[in-house]
1. I'd like to verify a number: residues in the range 342-357 that are surrounded by 15 or more Cβ atoms within 10 Å (Cβ to Cβ) and either aliphatic (A, V, I, L, M) or on the phi > 0 side of the Ramachandran plot (or both), how many?
2. Could you list, in sequence order, the residues of the range 570-610 that are open to solvent by 70 Å² or more (accessible area, probe 1.4 Å) and in contact with a Ser or Thr (Cβ under 9 Å, 6 or more places away or on another chain)?
3. Only one of 275, 243 is over 17 Å from the mean Cα position of the chain (by Cα) and closer than 22 Å to residue 554 by Cβ; which?
4. Restricting attention to the range 311-330, does a residue exist that is open to solvent by 20 Å² or more (accessible area, probe 1.4 Å), part of a loop (DSSP other than H, G, I, E, B) and of a type in the set (Lys, Arg)?
5. Keeping to the range 403-436, report how many residues are over 25 Å from residue 311 (Cβ atoms), open to solvent by 40 Å² or more (accessible area, probe 1.4 Å) and in a loop (DSSP other than H, G, I, E, B).
6. Keeping to the range 210-245, report how many residues are over 21 Å from residue 74 (Cβ atoms), open to solvent by 70 Å² or more (accessible area, probe 1.4 Å) and assigned to a helix (DSSP H, G or I).
7. Output the helices (runs of 4 or more DSSP H) that fall wholly within the range 460-562 and possess 1 or more residues being farther than 24 Å from residue 610 by Cα and at pLDDT 90 or above, or say none.
8. What pairs come out if I take residues in the range 541-557 that are more than 22 Å from residue 596 (Cα to Cα) and pair them with residues that are loosely packed, with under 13 Cβ neighbours inside 10 Å and of a type in the set (Lys, Arg) whose C-beta lies under 9 Å away, six or more apart or interchain?
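The values are calculated or read from the model by the stated rules, or taken from the named source; none is laboratory data. Remember, predicted model here, so these are calculated numbers, not experimental data. In this analysis, Cβ positions are derived from the backbone assuming ideal geometry, glycine residues included, and neighbour counts consider all displayed protein chains. Just the protein is used for accessible areas: all its heavy atoms, side chains included, with ligands, DNA and RNA removed. Shrake-Rupley method; radii C 1.70, N 1.55, O 1.52, S 1.80 Å.
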Amino acid sequence: MRRVLNIILTVVLTIGFILLGVFVFRSSYIRLGYAFKDFGLSVGYYFCEMFGISHSITPTVNLIPDVQTPQVTLPTDFEGFKNNTAQYFSLLFDKSNFNGWLTHISGVMAEIAKILVIILPCIVAFILIIKAVYKRENNKHGVDTVPLRVFKFLSKIIYQPIKRFIVGYIEFIHSHSWIWICWVILWALNFNLATIIVEFFAYYFYFAVEFDFSTVYTQFVKLFADLKTPFAYFPWWSLLFIIYPLFDRFRKRIATMRLRHYEARNCGFINELPIVSLTCGSMGKKKTTAITDMALSQEVMFRQKAYDILQKNDMKFPHFPWILFEKAMQAEIESGRVYNLATVKYWVADLEERGELFGYDSERYGLVFDDGLKEDGLYNVLSTYAQAYFIYIISSSLIVSNYSIREDNLLLDSGNFPMWLMDFFPKRFRQDSRHAHILDFDVLRLGKKVLEENPNVGSFEFGVIGITEIGKERGNNLELQEKKKNSDEANQKNDKFNSWLKMCRHSATVDNFPFIKVFADEQRPESWGADARDLCDIVNITASGEMKLAMPFYTLGDMISEWAFNKFIGLYYDFRFRRGDNTLLIHLLKCITFWLWKRNIKIYNRYGYSVLKIEKERGTMDGKIAKKKYYLMSAKIYRKRFATDCFADYFNDMALRTNVGLNDYREYLTECASVDELQAQNSYFVNALYGIGGDD
């Protein structure tokens, strides 16, 4: 039924536009006929003159047609235009003209004053009545007043159906683009816009031959006359609905470019870091946020680096059927025979042993690539290509962490070469998502394992490691004094985790690039043992900046939203304190304020960013400190990427085991604690004062 209504409305509107063209804009089509005549004569004149063909063609592009004469209000020659212009500017400094203008302004101001005299008392009376009514207290919880019920009823039967129909019709027009394209063409004809285009080319061909500047003014007169039609009939107020969206799109594009620039700067900072880095800072300085942001960027950079390796190795043997090689590898991955870099190397070695070339003409194109330094055999290149392709094509996350990280990178594969969508700031956010792999610390231990028969041992080769609160996992030298290296159970001294840190790049290197990065965080660098800490760079977050906006020209919108929210929220909660019912005025004010507030918060979430001030130094903590900046973009890091309370379930489990809450704790009876109240603290200090639980 809705589709039928959409079609009927489209037909009615189209017929209406055509009828307007016949009865209202008839002269525009006659004028278009003259324009085509000018164009035809100018083209003929151009070719005859260019190729020396004798002719009797007289161009008419410099003549004003009869149909256009009533619309010509400018002088027909340039001398007349200069005289009229001089007279116009002389009137600007004419005393009598200025007095007449003041008289007109005075009349307008008098009319406005009369209107204000009538309106202001009404406004004051309305405010007084509203205050008197809203001061009446009640406890009618959730009850709508009569005006609000009437408003909701009318909205339900009038506003909402109309809104749904208009929104649906706009979607219908968008899905059938040929409709609005035809309408645009039709109105371009009605408003002489097509005529202006045809006349431009007609004059272009004439001017290309004659090069006569004295005829330019005539074209200006004709253009001015043609534009009188749209100026007379076009609803200029509607430009607000065109200009503002274009302006909004322009400033949002600038904001997106800025955010991508900040992301590029972040990537440059991450590339400066060694394989292992430790981010430190006091509570609330966004340590975990920072390493999560770095991990997300690093994963994208790993995919991009693998893609770069594929491109360069492809060019070493440009005639090799790479797509057949890739399809064969995909089949091996799907069968489960290839599942890591080691099996990739083994598979390529098997291809070499069997002499499989996938139809490559080795006699014609050769089996060796010389880069000027060394020679690379085809199968060596295939091995490098296959490893990079495995890293690139693997559809799961490259992040392995001890807390959950969500990502929304999307692999597009139409059956040929797959491509990744990895932009953190797309026009529309992707709904597909996956999460980081759970970090089993045993896969990072070269010595004793917590789980002796752990099937994951030895499986980790490449990726991004994220470890929050690493000091609590690994401990510092003082905390590990009681641990024994020869203990039968795994501990920080015998699991050889630090040895893995020192050697991890060996399993992750492809084409001389290590596809591994370890990001860890802790409040103090000393919380992690010196042996491991010396391997890394320490990133100290010294300050976390306030939220800023990358989108320009939004100051006024931000001010209006903040003013409306602050004004309304005080009024609203004062109303909530006095009354329990729902009124029409509060309903309308809340709807308007909600719209402004929601729009404002969405803009800040989409284009907001904050700056972390960072001091970077070597893990030995005896080198030069480099001051840096790191940008946290809301659209990237705060889009449900991770939970800052990642260990919350441990405390939730403890709380669920009790039958006591904050409200059940004892309160002090006076301003000074009694002996019984002091002892109820179970404090080491207080117990020592009273000799409770201490050594004699």
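1. Looking only at that region, the number is 4.
2. If the condition is that a residue be open to solvent by 70 Å² or more (accessible area, probe 1.4 Å) and in contact with a Ser or Thr (Cβ under 9 Å, 6 or more places away or on another chain), then 597, 605 are the ones that fit.
3. On the way: 275 fails: closer than 22 Å to residue 554 by Cβ.
Exactly one of 275, 243 is over 17 Å from the mean Cα position of the chain (by Cα) and closer than 22 Å to residue 554 by Cβ, namely 243.
4. The initial filter retains those residues of the range 311-330 that are open to solvent by 20 Å² or more (accessible area, probe 1.4 Å), namely 311-312, 314-316, 318-319, 321, 323-324, 327-328, 330.
Narrowing further to those that are part of a loop (DSSP other than H, G, I, E, B): 318-319, 321.
From what is left, the residues that are of a type in the set (Lys, Arg) are none.
No, every residue in the range 311-330 fails to be open to solvent by 20 Å² or more (accessible area, probe 1.4 Å), part of a loop (DSSP other than H, G, I, E, B) and of a type in the set (Lys, Arg).
5. 7
6. Taking the range 210-245 as the starting set, the residues that turn out to be over 21 Å from residue 74 (Cβ atoms) are 210-211, 235-245.
Add one more test, that the residue is open to solvent by 70 Å² or more (accessible area, probe 1.4 Å), and what stays is 210-211, 236-237, 240-244.
Narrowing the set further to residues that are assigned to a helix (DSSP H, G or I) leaves 210, 236-237, 240-244.
Total meeting the criteria: 8.
7. On the way: elements: 470-474, 497-503, 505-508, 530-533.
So the answer is 470-474, 497-503, 505-508.
8. Pairs found: 542/627.
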